[in-house]
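Chemist: Provided herewith is a single structure, encoded as structure tokens, for subsequent inquiry.
Nothing in this text is a laboratory measurement; each read-out follows from the coordinates by a stated rule. Because the structure is predicted, anything quoted here is derived from the model rather than measured. FYI the Cβ positions are ideal-geometry reconstructions off the backbone, even for glycines, and counts take in every protein chain you see.
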Amino acid sequence: MPVRPFHFVVLFFLVIFLLVLLQLQILGVVLAKLGLSPGSAGTLLFATLLGSAINLPLFTLKGDPDITPEPMPMPRGFLGQILPYQGVTVVSINVGGALIPVGFCIYLLSTKPLPLLDVFLGTIIVTAISYAVSRPIRGMGIGMPILLAPLAAALTALVLNPSFSAPLAYICGTLGVLIGADLLHLKDINKLATPIASIGGAGTFDGIFFTGIIAVLLA
């Protein structure tokens, strides 16, 4: 019997629903491990998902005149249209992928008995690793191995402070990737030939947010 297009549509939305449900369940476990109540965890998840659609422009950078832009399928704007590169890159920061994770780090620092020396050393270690393994990718942004930073954050937290390894891993992973992979590579943005460079721009799937979540699971 031939499969009707309607069945493909139903299957597609079912897969999307299961993926979202799995992500929310994993995030719920992580946030509970960090000591959040179900209500607070739900609020944080909702704010993160909503904030992932918001990019706040910070400044613009002129591209390197010696760089000839190549046709790339990314980045895409609203409704998927390809954005042309015209020699200027708008640098922005994503609310859900960067600002909310950083704000949550501040919350953890204020509510958990974490020695500042442990936080400083852990962040420095993850920052150094993130900077060393991240590379600018023309037409897209900064790329790095997806599991290396979370693993480094989890191991660092377990060594420095086993009693509070989960919140320490989240803070070190989040701030380490933000500084090492994004902020320290700002000098390379004008060579990327991309119209938009967003810090934390993939929202809940960005390296900053993703690193903190996986680091807590591993810690």
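Chemist: For THR211, are the conditions met, namely being of a type outside the set (D, E, K, R), free of Cβ contacts under 8 Å to residues at least 60 places away in the same chain, surrounded by 24 or more Cβ atoms within 10 Å (Cβ to Cβ) and part of a helix (DSSP H, G or I)? Please lay out each step first, then the result.
Modeler: On the way: of a type outside the set (D, E, K, R): yes; free of Cβ contacts under 8 Å to residues at least 60 places away in the same chain: no; surrounded by 24 or more Cβ atoms within 10 Å (Cβ to Cβ): yes; part of a helix (DSSP H, G or I): yes.
The answer is no for THR211.
Chemist: Turning to a different aspect of this structure: Return a yes/no flag: does the stretch 190-207 have any residue that is of a type in the set (Phe, Trp, Tyr), closer than 27 Å to LYS33 by Cβ and surrounded by fewer than 24 Cβ atoms within 10 Å (Cβ to Cβ). Step through it out loud before you land on a result.
Modeler: First pass over the stretch 190-207, keeping only residues of a type in the set (Phe, Trp, Tyr): 205.
Of the ones still in play, those that are also closer than 27 Å to LYS33 by Cβ are 205.
Next, only the ones that are surrounded by fewer than 24 Cβ atoms within 10 Å (Cβ to Cβ) stay: 205.
Scanning the stretch 190-207, I find at least one residue that is of a type in the set (Phe, Trp, Tyr), closer than 27 Å to LYS33 by Cβ and surrounded by fewer than 24 Cβ atoms within 10 Å (Cβ to Cβ), so the answer is yes.
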